[in-house]
Every structure is written in structure tokens, then in C-alpha cells.
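I have placed the structure first, in the form of C-alpha cells, so that the comments after it can refer back to it.
The values are calculated or read from the model by the stated rules, or taken from the named source; none is laboratory data. Only a predicted model underlies this, so the values are computations on that prediction, with no experimental measurement involved. Cβ: placed from backbone, ideal geometry, glycine included. Neighbour counts: every protein chain shown. Just so you know, the surface numbers come from the protein's heavy atoms only, side chains and all, with ligands and any DNA or RNA stripped out. Shrake-Rupley method; radii C 1.70, N 1.55, O 1.52, S 1.80 Å.
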Amino acid sequence: MAIIGGGCAAMAAAFELSRPIHRGRYAITVYQLGWRLGGKGASGRGLAGRIEEHGLHLWMGFYENAFRLMRECYAELARDPRRYRIADWRDAFVAEPFIGVGAARGRRNWLACFPPADGLPGDPLRDYNPFTLTSYLIRTAVLMQTLVASALPLSDAVAPVESAAAELSSAEIEGIVKRYLKFGLMSGLAGAVGALRLFELGLRRLAPQRLGALLPLLESLGVTLRAQLEQAVARDPDLQEVWEVIDLLLAFQRGALRFNLLNDPRGFDCLNGYDTREWLRLNGAAPASVNSDLMRGLYDLAMAYEDGDPARPRMAAGLGLRACLRMFFTYRGAMMWKMKAGMGDVVFAPFYQVLRRRGVAFKFFHRLTNVRLGRDSSSCAPHVAALEFDLQARVRDGEYQPLVEIAGLPCWPARPDYAQLLDGERARREGWEFESHWESRRARRLRLRVGRDFDLVILAIGLGAVPHVCREIVATNQRWAAMVRKVKTVPTMAFQLWLRKDMEELGWDHLPTTMSGFPKPFDTWADMRHLLDEEAWPKRPRSLLYFCGAMPETNGLRKAKAAAYVRAARRLVKTAAADWITANLGLILPGSLDRHRQFRWELLVDPATPDGIGPRPSRELLDTQFWTANINPSDRYVLSIPGSVEYRISPLDYDYDNLTIAGDWTECGLNLGCVEAAVMSGRLAAHAIAQSPALEDIIGYDHP
Amino acid sequence: MTIHRANAGSGANGRVRRAMPERAAPQRQWPRALRAADSWQPPTRMVNPSAHLKSSATKAKGDGVGLGYQVLEKHMRRASSIAPKSKAVRKAEAGSSIDLQDLVERLARGLAEAAPVFSELINRLGRVALGDDGRSGGTSGLVNANSRVAIEVNSPRPVRVNLELRPEAERRPLKVYGLYAPGAGKPTIRAVKFVPSVNGTAAALRIRLPRLRGGAAYSGLLVDPRSGEPMGIVSVRAAR
Amino acid sequence: MRNSGFALVERTLRRYGARTRAAMRPYLRAGEPRRFLYDLVSDYPLRLGKMMRPSLCLAAARSLGASVEQALPTAVAIELLHNALLIHDDIEDQSEMRRGKPSLNALHGVPLALNAGDLLLALSMRPLIENRRRLGGELAARIFDDALRTAYESAEGQALELGWRDRNSHEPTPADYLTMVLKKTCWLATIFPLRAGALIGSGGGFDLEPLIRLGFFLGAAFQIKDDLLNLQPGKHYGKELNGDLFEGKRTLIIIHLLEQAETIERRELIDILTRERAQRTVSDVRRMIRLIDKYGSREYAYSVAQDLAGAAMHEFQRAYNGLPRSDDLRFIELMASWVIMRD
């Protein structure tokens, strides 16, 4: 059993197939290029033990599959809590209740606290099945009632209570109707709450086939609400955001009924030809709402910009809606979770240790270069006949030991341990870039043959790398060709800043927060101060911020020679980061600016010096911080462009009887670039091999 | 059977192949999406895959649900006329519940006039105007106006507390995570909680307030902690 | 899960069944004439039934916070009413077996059986009247009204079914069948127990309407499975094997068969079905079974039952969403799979 790649999907597949129930039926080998696992989620420890990530990784509270595997992994790992600060999964993840959206100029930032929900992600789901359209519609109807009610003036809005409702005569009710009609604005809002309540009642009581009857109610409700709320907003601009949310929810409900989502066998997928904003607009959302800060924040979270172009936000409507509903309404514990150390340390080191213990073999420094097809004499369908690798480096004695301990935690280093490699000194001196797509230096070639070296293959590499290593498949299989053409990816970029002052001193007076919707290109940032304790600074910085965003496609640069291209891309990110800091950091941290409203570069902490003070303060000091251009094909983030989703291929697909695929780019039910999709896909790949786990137990796979 | 060696036909070159999957796409339609509640754990099946369905039966699959709802609908439409009712029941039903037929008719009419009535009903069921309007000065007190949820306030200053509950809230456990004021710099009030009754539903709301400035307004969302569904709003305003 | 879940169902049925049976005894106290009346009245109730109906009622009440004692009289009434209707059904269907023994009409003849059925019917109303003391006038009245409605619905359902055996009536469609089952079976078997339980548990505050839907899907799936079991050797629950075929009942299986069969076979079938019961021979029944197998009518019926059970789960969520979890609630939920998977 060969698993190629070491990201979330690969680990999930390996974890499933190495479970004790299979009694060692599968002899698994994981082939990984370079020195570390993790794929897009790989992280490394650099100078001062600092954590260096590909970007900002957040775990949503609805990542049921991912959390479940993580919890099982930590349980099996059974670290001694007296020795390790991160021994249990609860030590590894911290809840993030504060989520924000940066506002366009002239308006205040959105900051919302999402209350903790019952249970924890990965708990067995027993009470009821929340994944039905009816339940989502009810949830949105309830939320709207609450929002509308919250827009009501506080005290005098409602007539005093006279008697119990059950005893009202019809004449009394008529009286109330008249009084309400006289009340103007607020009675209108109250009336709208009543209509919403009625809508909710209808959802609860009518058969799914009959829900179309509620459509006229929604239509007239939209008119009433719009008129009422626009007046209210004119008086109180703070209500603008509330109105935008209500408007979007209303458009969703209307669209769900109009498009007969409840009875469509494809569920939300029937909307994937539309862009999410376009679809909401089609169902009556106001332009201001679909262009709102909130919408932009959501697109930012998914990096949903074609070619990284801020002018081309694209997110297939079915996927966008499914993701939003699951994110807001089905999270458990907290809506978002942050990792307590690097993603490599929290996720991939435990996976590595547990899988190693289960007997899974890991071959580092193996770069896949070609998947070779062949045919049996008896059948016409091709299969994988051989896997060709570059062996990037040879290990001195037997097995490469990839982990190092930092502050008492097994971690991945940011550089390979050259001492374990034959000719390691040379590779270090010459600066071999083991993880770079454009690195061609190697120790030797290697060919694995079917039947001799492997029987079955799980291809769990990034989509961007597929055309490079599956040339034969893409040339002979039209579906694969269409997939690599239609399913798009985008490079991403990120930087991290270690600062010598507290967030409070710098002017941030909220609790740790994650925000998106900020100025491009680094539209998403998070306060990561909780990681500082895990790093090994001689003099601990006081605050830590992560920034990330989609990277504009650099087609011009691409024509340059490989080495020059990589250098140019890195330079581009550094310049963009420096420019962004100069222009925008003051929005978050007004205290980081000097009298002339210039960023105080001397705030940056240099890991190379004992006191953290670097050379002369200037933007060149950014060199002491960490930034990355994720331009390797396999590091590119997978998008969900409208009209592309149906070209994805499922891990269950049977075109090749000894090959299956895994990754967040496959048709895995969720189809979004994220950890959860990768894990679902890995579990699907395991199912394709072993019929276990059952499809019904891949949570959310059969989601409408 | 998970993996099988290709049979003798392919000679010594017997490769391992994976089994053909039972399906290769999600089943997203709602009746099929349902599973027994604890089946999120080890796999079980509602639908027995070994039932060998012949073509005629396959054709009929899925009919059951649609057919069932049709039959029900018809039944409901003529439902209430079927049996005579006692007087007490007729009286009780007149004001309390809305029957389906009535609901559908109102929907068809566009609802504009009916809506305020409903909100009035809801307000009557849920709203508690705090009897002590706040003017008589601040001590703790236990007030129970028409709701089943009592409010206990402990405040150094007179305040007005407003509790709006959705009708369902009566049979749910409730939780409020804090009271928030709009604008920056105002502290969150955390000393607010529901005291549960024996069966787990909310019996009383207990609030301990710091000294609030006149006109300060706080509000918080009430949720059912098990599902996260909002159940109402509590708001507190200090008298000027 | 299947085992542990169904263990909960079986356990609950046993426990609540025993409570109901004990509470039922005082109502069946023997007087004179024993031989011609009171022994007959207590005969069916003392034979071991599944006790699904009273158990549902008790679970529905308990899941909303009532005690078993509060709901017990209603549960007893439901079981008595059920037994009374069984006596009448057996007479009308000329059934020969009930719960593993000869039917009352087979043992004692129609007139005596009818008489006993009438008394049992009247007896079944007593606990409902006594509810006044325990539950108060209004609640007792509402339960009583619902019981009356149940009786109406059951009678209408039985009338529909009997009417289909008339040579001149049209053959029923699957929709007709479900309508009949809704009336004849579901109201008493599931809808009324759920509703009465909810009334008692909530003091009248629970939304009863979703329970009609839940009860219908549950009861209809139950009935179809019952019809299937009747054709299954060794699994026929104390009724005669293939008794439904001997009686010429229009079950969903037969309705499907009539719809699917070729014209000649169809004519032959209708001829068999419309004869007097005594005229249907063992070879007729064998012929019918062959046709049922040929057209996959059992599979059809089972797939409809599955659909209905799925819809029942859906309706369960809608009706009880958000209530505190309890074994009683789990019991009601598990009924949806139990009704079609039991054997």
C-alpha cells in the first residue's frame, strides 16, 4: 500500500487503513518529499524555536471528521501530561470565540462573539440530525426573528400585556390589529417578527413538498422588512450590518424555496453553476448586502479569488451556502479553534508518532516524478504499473528521524537534519531546496513496480502537482484532463510578525481575535500571542500576528528561469508585506505608529540576536521576520469556482483499479479547500480500499 | 470481500485490485440522509442492502414518502370535523392553537394582516414587563409577571429588565453568556444566569449588576445550549 | 447499535407492558356469568401482546415529564380499546387465530364474542373517565375527545377495508391503502398514544399536530411490516400463516400485485379474492404466493415501509427536537426502525 504525500488527506487515509480492526492487512508506506509531513499544513521551527507556517490555519467547529481523527490520534498517543504540555487534544486546540470582519473605510469593524455551543467537535452526534435543509431554514428563520427583535427600540416598543393569549376573542384580536397598524414603524417590525414566526411554523409543520406555499409570505415579508429597516438604518447607522445579515438570510430562504432545494436530489450542489453572491443577488439580496464587509470576510476566509485577483471573487453557490450554514449553525464547542503550536507540531507530529507505532513506514526525501500506467493482458482498462521517484537524498543509517524537541514538544524543524543524510553537508552548502518544485538535484532515481513494491496506491498530493506527475493519465483520460483544467488553484502568501510590545500597548483592546475582510492582499489576520509560550526565545516577544491572503497570479514572472522565478516571487511577497504594514497595520494597531504615522520598525524582534534588537530600523528589518510565497504547485490552494465542482473526481472513482486519490481537491462531499475536506477525502480513499469507514460514518458526506 | 486477486486468467501476473465501490457520490436527498441517531458511531444501516429489489420494486422506491404526505394532507384537511368535541375542548382550542388549514389559507392571502396578530400573541406569551419599573430604587427582588420564568435582580441602581422569550423557550434549558453594551470600552456583564427547574427548563433568571450609569443599555442573547438556537433576548437598562 | 438500541425497545415494551397489564387487571374482574361473558372479556387482554400501544403512551408522557402513574389509566384504556376492536375485527374478518390461540369467535361463536367485545369497549372508557380525578376536567376531556375521535377513525378505517372485499367495489390504490391504515391502525396504535401521552406530560401545552404525522408514518410502517410477517413462515405472530390471504385482505402487497399482474392473472386473482372465505383453498393461496414472488410485491411493500420509517424519523426530529434526552424519547425514536426490522 503506497500513500504518496504527507498532508491531511494522506494522514487520514493512513490512519484509517492502519486501524487495528484491519489486523495489519495493509502494509503501508508513506512517500514524502523533503524532510517533513504536512503538505499545505506543514510548519517548521526556525531560529529561537519560532513557528513558521504556510499561512494562518484555523479549524472550524464543524470539522467533525478532522477533530474526531485528531482526538483518536491523541488518545492513542497517550502522552504523559506531566511531561508534555500538549498531551491531550484539548491542550492542542484552543477555542476562538471572537471573530471579526474588517470594515471598509469609514465604518467600524465588525466584531462578534459566537457563543460556545454544546458538545465538542468530534463528539458522537446523537441528539438529532442537524444537516437537513428544513432545520437550516428554521435556524435562519429563528435568527432573523432575533435580529429583527434586537433592532426594536428597547423599552416601549410593545403594548403592555393584558391577558393570556388563549383568552383573546376575535374582536379583541381585531382591536390589536388596528392598534398595530397605527403604530407605524415599530409595529411593522413587530409584525414582521410575527410573519417570520409564521414562516417558522410553516417550516415545522408542512411537508417538504408543500413548502412552496410559504414563498408568497417571504416575498411580501421582504418588502415590509426592507421598507422598515431602511428607515431604521437611516436613523441608526449601526443597524446597517444587522440589516445586511437579515437581507442575506432572506435571500437564502427565498432562493431555497424558489430553487426547490428541499426536494432536489443534488442538494445544494444544484446551485454550483452560480457564484454565491450572484445567486443571493438573484434572489433579491441588495447590492449593499452582497458587497458587504461580512460577505467579503467570508470570501477571504476561503481565499475565493480567481487567480488571486481581488476583482474576481468566485465561490460556487452550493458550496458557499453549505459551508456558511455548517460554519454558523452546526459548530460545536466554538465556531473556530486555533492550534496551540505549529500545525506540524499539533497535527502531523502526533500522526507521525502514532502511525509509526502502528507499523506504517515513512520514506522521506522521495519526490514522485511519474505515475506510469500499464495494461493487463486480460483487461482493457489501464492500471498503475510503476511509480517513479527522485530519491532526493540518502539517509545515513536506515531510517530518517524527522522530529526535534523544542520546549519539550516533538516538532518539525524548518530545515532538514543534514547530519542524518549522506552528502548532507554538500546539500546544505549548496542550498538544495528539497521542497521546491523547481529543485532538480537528487541522489538517484527510483522505480517502484506493481506487484513487487506495491499493490495499491493512494495519490494524496496537491492538485497543482497532478499534471506534472500524472502526465500519462491526464493525456489518456478525458475526465482527469478536464479536472486539472477546470478545478483551479491559487498561490497564497503569508507573513508573521513578532513584536516587542503588548497588543494593548499597541492599541488593540479586545481579546485575541481573528479577522478577515482587511485590505488586500493580506486580508486575514489573527492575534497569535498564545504561541509565544511554545517558542524558545531568549527574550520573549510580547505579541505575535499572522497575516495571509491569496497571491495574485504572477504569469509574467513565470516565464523566468526556475531559480529566478522563486527569488522574484519571494521578493514580491516581501515588498507586498512591507507595503501592507506601512499602509494598513495602523488600522489594527494604532500604537505601532510614530508621530508621523509611520510604522515603528524597531518593534520587530530579531531572533538572531540575544536581545532581539536588529540592525538599523527600516523596512529591511522585515528580513528578520518570517514570510512565505506558496507558489509550489502542490502548495497552491484549491478554489471552488462556479462551474468547476462537477469536474472533481471522487476518491471512490473506479477508473483505475489499483489507484485512488485523496485531497481537498477531490469530490469529497465538502469540496472546499480546508482540513475537513482533506480528511473526508482521506477517509473516502480508505473506504475505496477497505470499505471502511462506512460512507454513512464520514460525517457530512451525505449532507444535502 | 475487500480485495481479490485477479483470477487465473491473468496468469502469474495476479494484481491486487480494489473492490468496486457501492456508490461513488454523496446521497444528498433528505429522506436518505437520515440515519438512526447513534449510527454516527459504528456503522449500521436503516436500509437493508441485502434486500434484493427487483425492477418493479426499485421503480417504486421513494414513492412511500411522497404518497404518505399526500395521504396525510388529505386527512388533515378534513380532520377536525370528524368527531364531536366536548365544550371545554372547543373552548380551549379556539384560542390556543392554529390549525393547519387555517395556516395555509392565511399564507395564501399574503399574511400582511395576520402578522401583527401573531406577534401580539407571541409577545403576550413571552414578554415580562418588570413590575418594579425601577423607580423605587435598587435592591434585589423576585418578580414574576405572566411568564413562567422569574427574574431576580441584584443591582445598586434602579434598572428595567426586559425578557423576551420565544414560545419554545418554555420547554428548553436556557443559557445566557453575558450582557453586552454597544460601543467599545463597556465591560461585559457576566453575572447573569438561569436557574434550572427540576426538569431542566429555565425557572428563574438571576442577574447581578454593577453600578450602571444612567441610560446604559445592555442586552444578551438567550440560547438553548444544546442546539445553539436563539431562544430570546434579555435586556437591561438603567434609569436616567 | 442495532442490538443495544433494540434491547432498549424490548426492555421498555416489557417494563411498560407489565405495568399496564397489572393496572388493567382490576377492570377485568370476573362476575357472573363467567362462562359466557367475563371469561371471554378477559381472554384477549390476558394473551401476551406486544403492548406497543400502552408503552408508546407511557413513554410519550414520561418524556415530557409526567410520571407513569399519571399516564397509566390512559395506557390501560388504550390497551382495552385495542382488545375490544380486535374482537370485532376477528368477527368481521372471520379470523381463526389470535395471539397463537383460536380466536374468540372460533372458540365461542359470533354472538357471544360480539357481546364480550361490546362490554370490553364500554370498559375501556372507564379509565378515561377516572382520569378526571387525576388530571383535572379539561385535560381528561381532551383525552376523552381524542379517544372518541380514535374510535371514529378506527371504525371508518375498518369500514373502508371491509368495503373493498365487495365484488362491486373498485380495487384500492396504494393511497387508498395508506388512508385506510391511517384510520384503522395508526390512530389507535400510534397517534392516540403519542397525543394522549403528550397531553398528560405537558399539561396540554405540547404541539399535538406533528404527532399525527409521526404517528401515521410509524403506524403505517408497522402495519405493512405486519402484513409482511403474516406471509413469513414462523414469523406470523400467532395469527394463521397466510391468514391475510385466506381472508382476502387488500394489503399493500396484494394491491401492488393487482396493479402489476398481467390481465389474465389479475382476473384470476380478483376471482379468488372476492370469493367467500370458505371458498378460498390452500391451492388458491399457494397460487397467490407464487404471483407475489413473481412480481416482487413483498419487496415493494418493504421498500415503502422503509420510506415511511425514514419519514417517521424525520417527523420525530420535527416533533421532539430540543427536548431533554431520555430513554423514553430514545424509545419513541427507535420505534421507527424497530417497527420495520422486528421479526
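Computed values, structure above
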| read-out | value |
| --- | --- |
| Overall form of chain C per C-alpha gyration tensor (a/c, 1.5; a/b vs b/c) | oblate |
| Given charges at beta-carbon only (K, R positive; D, E negative), |dipole| of region C:4-341 in Debye | 1120 |
| Region C:224-285 versus region A:1-24: alpha-carbon centroid distance in Å | 54 |
| Region C:263-310: projected area of the alpha-carbon convex hull, averaged over directions, in nm² | 4.2 |
| Mean ellipticity per residue at 222 nm, deg cm²/dmol - from DSSP H runs of n ≥ 4 across chain A, formula -39500 (n - 2.57) | -10500 deg cm²/dmol |
| Region A:250-305: C-alpha gyration tensor shape, a/c 1.5 cut-off, then a/b vs b/c | oblate |
| Partner chain coverage, peptide C:294-306 - average Cβ within 10 angstrom | 6 |
| A:Val223 accessible area, assembled protein chains, probe 1.4 Å, Å² | 110 |
| Surface/4 estimate of mean projected area, convex hull on alpha-carbon atoms of chain A, nm² | 34.6 |
| Cβ charges +1 (Lys, Arg) and -1 (Asp, Glu), total dipole of chain A, debye | 1800 |
| Under-5 Å amide H pairs with A:Gly462, H placed in peptide plane, nonlocal only | none |
| Among C:Ile87, C:Ala22, C:Leu139 the positive-end extreme of the charge dipole of region C:4-341 (Cβ point charges) | C:Ala22 |
| Entries in B:Lys74/B:Lys175; C:Lys225/C:Lys294; B:Lys74/C:Lys249 that, when Cα-Cα distance is taken, lie over 31 Å | B:Lys74/B:Lys175 |
| Exposure of C:Phe246 as accessible area (Å², to 10), given a probe of 1.4 Å and all protein chains | 50 |
| Charge dipole (region C:4-341, unit charges on Cβ, about Cα centre) - positive-most of C:Tyr320, C:Gly109, C:Gly49 | C:Gly49 |
| Pairwise centroid distance, computed over Cα atoms, of region A:320-345 with region A:449-519, Å | 18 |
| Region C:248-261 - phi-based ³J(HN,Hα) in whole Hz, Karplus 6.51/-1.76/1.60, Gly and Pro as x | x, 5, 8, 7, 4, 4, 5, 4, 4, 4, 5, 5, 8, 5 |
| Residue-averaged beta-carbon neighbours from other chains (10 angstrom radius) around C:142-148 | 4 |
| Calculated log₁₀ intensity ratio I(q)/I(0) where the Debye formula runs over C-alpha points of region A:560-670, q = 0.10, 0.22 Å⁻¹ | -0.55, -1.18 |
| Protection-proxy order for peptides A:349-355, A:306-312, each taking the mean of Cβ atoms within 10 Å per residue, highest first | A:349-355, A:306-312 |
| Shape category assigned to region A:492-630 from the gyration tensor of Cα positions, a/c cut at 1.5 | prolate |
| Rounded tilt (10° steps) of A:317-329 against the dominant C-alpha axis of chain A | 80 |
| For region A:272-301 versus region A:674-689, the gap between their alpha-carbon centres in whole angstrom | 29 |
| Accessible area (Å², 1.4 Å probe, nearest 10) - B:Arg17 | 40 |
| DSSP-defined antiparallel bridges as percent of all bridges, chain A, nearest 5 | 75 |
| Residue-averaged [θ]222 nm for chain C, counting only DSSP H segments that reach four residues, each worth -39500 (n - 2.57) | -23500 deg cm²/dmol |
| Relative packing of peptides C:193-201, A:41-49, C:134-142 - highest average C-beta neighbours within 10 Å first | C:193-201, A:41-49, C:134-142 |
| With every protein chain in place, region C:4-341: carbon and sulfur % of accessible area (1.4 Å) | 53 |
| For residues of C:179-186, the mean tally of beta carbons on other chains within 10 Å | 2 |
| Under Karplus coefficients 6.51, -1.76 and 1.60, residue-wise ³J(HN,Hα) of region A:502-518 in Hz, glycine/proline x | 4, 4, 5, 4, 7, x, 9, 10, 9, 5, x, 9, 10, 9, 10, x, 7 |
| Angle in degrees between helix C:110-135 and the longest Cα principal axis of chain C, rounded to the nearest 10 | 30 |
